[in-house]
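Below is one structure, written out as structure tokens; the observations come after it.
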Amino acid sequence: MKKLTAAANAGLILCLVIALYVGFRLPNRWSVNYYIPSVFDGFWRRSLLGTLLYPFGALRFDYHFVAAVQALVLLALVALLMAHALRSGLRIKLLTMLFLIGPAGGYVFHEVGYVEQLLYLMLLTALAFSDKRLSFVLMALSLFVHEMAAFTVIPIYLASLVVARRTRTAILHGPMLVAVFAVIYLFFQTADPAHIDGLLQAIKANTGYIPRADYYDVFRHQLIGPEPQIYFTVADWYRLATVIAIALLTALAFMRESVFDAACILVACLAPLAMGLLGWDTSRFTFLSLCASVFVLVLFRDAASAVVSGAVSALLLAFALFGYFVYFDDYQPRPLLPYPKLVGFLTNDLPAEIGKMPRQ
């Protein structure tokens, strides 16, 4: 048994290295903007991170400074994932390995800088608090990092309360978090155009790059726009079928407790797909749905039964063989076949990637 555990641990580390090889890049110039606008610049929506970095002055505009913070967020998230997997049983190790070796592993590293990585760190912290009042505050703050928290981490948080037999707390926290979202929706959707233009000028004046002005278009328009449309296309069908099947299996693991538990888990796992009615980056939303299911299976107590973990492992393996996620900015996953050129990646590609300024 010790030899099997040691082999599984070695496999975990190898899968992590392969995921790094497949998807690594620097944060793009779009994602650094998540960390710049602050309440002192006239922003409220998506302003928490910029407000926390405001004391750094002009340094908060510097691409390399913000990218370093974003890299630390990814490092912390990966470290927690690996630490949990290394001290867990073989089922959890296998699920984590298959998640990392498949398209999702590379996408984790490709998504460096995107705000959902920090949202997941906030979720982990909220789950660790024994005082759920602190958890509520953290989840409320997550909505001021990005309103996508309402579709990603908050459903998982509320489901965790239900599964832990803290349904009353979930019933209390749920409406209050909806109220926080409503405040953002009704009062803080947009920013004064003068504040937007002033911030863009401040970024230009203090950095050596032209900021992504299109990021700030979101603050010029109401969330209420054209009628929602389905952005998923025929090209998404295999990804969608896979993540929906995994979500159903994840919910099935909680059916033995109650139908209500299973329904809450299913909603939490599928909630990210609802963003496919609002935005075009459907690979990202499908990835987040897969992350939600794997998060529940890996971290919720007694979730990964032998039958469920076996079925999910089979689906993850099939997805590793035949699935893919569409990367941003014209990037492509580095191919594993005919073999991973890990040495060349570590000696040439990795230093070159770290040393360049992203085009977008």
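Values for this structure:
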item: Sequence of Ile18, Ile244 from largest to smallest accessible area, 1.4 Å probe; result: Ile244, Ile18
item: Of all accessible heavy-atom area on the range 79-149, the percent that carbon and sulfur account for (1.4 Å); result: 73 percent
item: The range 265-276 - phi-based ³J(HN,Hα) in whole Hz, Karplus 6.51/-1.76/1.60, Gly and Pro as x; result: 5, 4, 4, 4, 6, 9, 3, x, 5, 4, 5, x
item: Accessible area of Asp302 in the full protein assembly, 1.4 Å probe (Å², nearest 10); result: 110 Å²
item: Thr190 accessible area, 1.4 Å probe, all protein chains in place, Å² to nearest 10; result: 60 Å²
item: For the range 61-90 and the range 275-321, distance of Cα centres in Å; result: 20 Å
item: Residue-count net charge about Gly355 - beta-carbon cut-off 15 Å; Lys, Arg +1, Asp, Glu -1; result: +1
item: The range 90-135: chymotrypsin sites (Phe, Trp or Tyr not before Pro) falling in loop per DSSP and having at most 15 other Cβ within 10 Å; result: Phe129
item: GNM flexibility winner over the chain from Met97, Met122, Met139 (Cα, springs under 10 Å); result: Met122
item: Student exercise, the chain dipole from Lys, Arg, Asp, Glu Cβ charges, in Debye to nearest 20; result: 1040 debye
item: Formal net charge of residues neighbouring Thr190 (Cβ-Cβ distance under 15 Å; K, R +1; D, E -1); result: -2
item: List Ile230, Ile196, Ile354, ordered by accessible area with a 1.4 Å probe, largest first; result: Ile230, Ile354, Ile196
item: Cβ-defined net charge surrounding Ala85, 11 Å radius [Lys, Arg +1; Asp, Glu -1]; result: +3
item: Values of log10 I(q)/I(0), in the order q = 0.14 Å⁻¹, for the range 9-96 under a Debye, Cα-only, solvent-free model; result: -0.64
item: Solvent exposure ordering (accessible area, 1.4 Å, most first) of His110, His64; result: His64, His110
item: Loop-located trypsin sites (Lys or Arg not before Pro) in the range 43-143, at most 11 other Cβ atoms within 10 Å (DSSP); result: Arg87
item: Pairwise centroid distance, computed over Cα atoms, of the range 123-138 with the range 172-198, Å; result: 22 Å
item: Over the chain: helical MRE at 222 nm, DSSP H runs n ≥ 4 each giving -39500 (n - 2.57), nearest 500; result: -19000 deg cm²/dmol
item: Accessible area (Å², 1.4 Å probe, nearest 10) - His221; result: 110 Å²
item: Spherically averaged projected area in nm², based on the convex hull that wraps the Cα atoms of the chain; result: 18.8 nm²
item: Per-residue HN-Hα couplings for the range 183-191 [Karplus 6.51, -1.76, 1.60; θ = phi - 60°; Hz; x = Gly/Pro]; result: 4, 4, 5, 8, 10, 10, 5, 10, 10
item: The range 234-360 - Debye-derived log10 I(q)/I(0), Cα point model, q = 0.11, 0.20, 0.21, 0.23 Å⁻¹; result: -0.51, -1.11, -1.16, -1.27
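The values are calculated or read from the model by the stated rules, or taken from the named source; none is laboratory data. Nothing here was measured: the structure is a model prediction, and the numbers come from that model. Please note: Cβ atoms are built from the backbone with ideal geometry, for glycine as well, and neighbour counts cover all protein chains shown. Only protein heavy atoms, including side chains, enter the accessible area calculation; ligands, DNA and RNA are left aside. Shrake-Rupley method; radii C 1.70, N 1.55, O 1.52, S 1.80 Å.
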